[in-house]
Every structure is written in C-alpha cells, then in structure tokens.
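The values are calculated or read from the model by the stated rules, or taken from the named source; none is laboratory data. Everything numeric in this text was worked out from a predicted model, so none of it was measured. A quick note on method: Cβ atoms are made from the backbone with ideal geometry, for glycine too, and the neighbour counts reach across all protein chains shown. Note: areas computed on protein heavy atoms with side chains; ligands, DNA, RNA excluded. Shrake-Rupley method; radii C 1.70, N 1.55, O 1.52, S 1.80 Å.
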Amino acid sequence: MRQLCAHPDFATRNFGTPITDHRSSWVRRTELAGIRYYVKTYDYPRWTDRLRGWLRNTGPWTRSRAAVEFDAMVWLRNHGFATAEPLGALELRSVTSLRKAVLVTREHPGQPAHEKLADLAPAERVALAAAIGRTVAALHQAGFRDRNLDLRNLLAAPAGDGQFAIAKIDSPRFRLVAPGRAHDRWARADWQRLLRQLAPFGMATVAWHAAQPAWSLATLLGPAAAQP
C-alpha cells in the first residue's frame, strides 16, 4: 500500500490499466510485487463539482464515497460476506470541501455477474442466479441495504460442484438497518434494481425464488417485467 501510494501518478487517470472512466471518477488496476490492486478515484477539481454533491459527499461534514465504500467492505468482511480487501481510503480536502478521494483494494477473484451470465450455459446460469438470490437475501437479513445493487457490482467465481460464490463490491450508498428484517423500502429498491437487470437473461424468477419464494415478482416489477 505504501509503495503504491508513493507512486506520483497513483490517483490520476494516467496510472495503471483503465477499468472505468467517468466524468468525476475512474478505476485503475495495477500490480506490485505480484499483488494486483484496484485504485478508485473520485475527483472534484472545480467548485461546481463540489457543490453538486455538497450535502451528500463533498461538503465539510460529509463522508466521501471512497470512505463509505471502505466502511461497507469492512462491514461485509466482519459479517462473513465476500468482498474485496479494503486497504485504504484517502482524502484531499480544502478547508470547506472534498477535492479528491481514493479507495485502494486488493483484487478479489471473480467476474462481474453480468459478464459471467452472458458466458454460461443455461444450467450454469440457473446456478449463478440462485447464488445471487441467496446472497442478496442473506445481506438483507443481516441488515445490509446496498442501494447500488447492480450485476456489475457482484463478482461471481466457481465454488465447485457447479455452484458459485458471490462477492459484493462498490457500495458507496449502503445503509444498515436492524438485522432480521428482510423487506422494507430499501430492500425492495435493491431487488427492483437487480431483477430488472436479470430479466434479459431470463433469470429474474430464479434469483427471486431462491431468495424468498413467498413473494411475487409482480409485486415489484409488474406482470410483464416479471416474465423470464
């Protein structure tokens, strides 16, 4: 971590292998001493950039998205869920606002679930969708509400006997509620977001029934969207 942060460009777009590029954030991958790292940077160089998120993550009394993601990973690991290992969250602040925030993690094995689903045979898709459904149900039961529950933020890796292990990454908007509650408006929003992405693969019903068979998909998505 220290060697990585000592690199003069480690928090710039010029560093490492590009993974994502957005207007105010980017992710880069690099390898040092045989260890692969991911560096996620949030950049707010102008006052207009900082004012846009003033009340959420760039103002003087707010937590940066990098810090919240770090907290989410720590919580997940402490509660027995798979995620990337968080190594550090760094912030550059002026007197009143956040200018830049950086999250550094070790690489976690697996492939983004939307890519994995596209590569699998039908029977394997069912196994992966069921694993996703069980993982989301377990997260909700433990009190975790992701609020950023996209297939690209679930890493899928083979776990033997045709099964899959699921890791959760990228949770800059998560919140915690009392454990034991599986259904509230944040849990429903998580499912709505995720199931709409599973529907094109024909796997929305599989994931939902693996998690909580007593509920109807139509309750969340409407009859047409719920069809596999």
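General remarks:
- If the condition is being open to solvent by less than 10 Å² (accessible area, probe 1.4 Å) and of a type in the set (D, E, K, R), then region 62-82 contributes only E69.
- Residue ID - farthest from T135 (Cα to Cα), chosen from residues in region 82-98 that are touching an Asp or Glu at 6+ places or on another chain (Cβ under 8 Å) and in contact (Cβ under 8 Å) with a residue 24 or more places away in the chain: L98
- Under the condition of being hydroxyl-bearing (S, T, Y), modelled with pLDDT of 85 or more and not in a loop (DSSP other than H, G, I, E, B), the residues counted in region 41-85 number 2.
- Hits in region 12-36 - residues which are within 20 Å of the chain's Cα centre (by Cα) and crowded, with 20+ Cβ neighbours inside 10 Å: W26, R28
- Where K100 falls short, out of the listed (1) crowded, with 16+ Cβ neighbours inside 10 Å; (2) under 18 Å from the mean Cα position of the chain (by Cα); (3) part of a strand (DSSP E or B): (2)
- Residue ID - most open to solvent (accessible area, probe 1.4 Å), chosen from residues in region 114-166 that are among the acidic types (D, E) and part of a helix (DSSP H, G or I): D119
- Residue count for region 1-24, restricted to those that are hydroxyl-bearing (S, T, Y) and modelled with pLDDT of 90 or more: 2.
- Index of the failed condition, G88 passing every other in (1) farther than 17 Å from E107 by Cβ; (2) modelled with pLDDT under 95: (1)
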